[in-house]
Amino acid sequence: MEFSKSQQAIMQRLKSRGPQSVKILSSQLNMTTMGARQHLTDLKHKGYVLQTQQEKQTRGRPVHLWKLSSKGHGYFPDKHSQITLELIDVIRSTLGNESLENLITVRGEKIQTSYKASLETVQSDLKSQIEHLAMLRSDEGFMAEVRLLPDGWLLIENHCPICLAAEKCQQFCQSELNMFQELLSGKALVSRVDHLLDGDRRCAYKITQT
């Protein structure tokens, strides 16, 4: 399925920011309200977006928000394949769950070693380290970004390119959290505050300087 650049921008925005109104989308993407509505209507017809129920405003009339459908989320690439899922089942059934978890741990340690080497090439202050970590994650398809909090930072992953594998074995998620904690050990505390597999629309990690 091919989409115009404007439609791609709309889906990218809905993926990274969650449900949005037509007015907000048109303002953020420098479109007319009519143009944004036409693109959304086309995307809805194709099954990639949905219109929510009316949301109450603090002032003015309630508005409808637009969000990605399951098909819309599926538009963003997942770095898994059926063979990966089958291998997880085979390893678990033949070698046991402990062996599967050990393999995932080794995988996480290998990624951690690569990240650590890359982090050593940037400034050592915590802010620079977190921003570089977000860049590394985005390069792997996690659509990561950093937001400043009153008491730290929020490392957000708007997309999970291994979601189906993680659903099969949540050790992938635990391995990811352990990796972030180790990479920032001695500098910050890291805790997961949003989790895709718990029904949240993203994974997010609060980082507090120690």
Calculated FRET efficiency, residue 127 and residue 45, Cβ-Cβ r, R0 35 Å, to nearest 0.05?
-> 0.20
Do any cysteines of the chain lack a neighbour Cys whose Cβ is under 4.7 Å away, and which are they?
-> 169, 173, 203
Going highest first, how would you order 157-167, 14-24 by mean Cβ packing within 10 Å?
-> 157-167, 14-24
Rounded, prolate or oblate: which fits the range 102-166, taking a ≥ b ≥ c as square roots of the Cα gyration tensor eigenvalues, rounded meaning a/c under 1.5, else prolate when a/b beats b/c?
-> oblate
Hey, which lysines would be in cross-link range of residue 46, C-alpha to C-alpha under 21 Å, not counting anything within fewer than 8 residues on its own chain?
-> 5, 15, 67, 71
Amide proton proximity set for residue 65, modelled H, under 5 Å, gap of 5+ | 52, 55
Among the lysines in the range 76-210, how many pairs, 8 or more places apart or on different chains, have alpha carbons under 28 Å apart?
-> 16
Once the convex hull of the C-alpha atoms of the range 82-209 is built, how many Å³ does it hold per residue, rounded to a whole number?
-> 104 Å³
Compute the long axis of helix 126-139 from its Cα atoms, compare it with the longest principal axis of the Cα atoms of the chain, and write down the angle in degrees, 0 to 90, nearest 10.
-> 80 degrees
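Read-outs throughout are calculated quantities, based only on the coordinates presented, and are distinct from any laboratory measurement. Here the structure is a predicted model, which means the values were calculated and not measured. Heads up, the Cβs are rebuilt from the backbone with ideal geometry, glycines too, and the neighbour counts pull from every protein chain shown.
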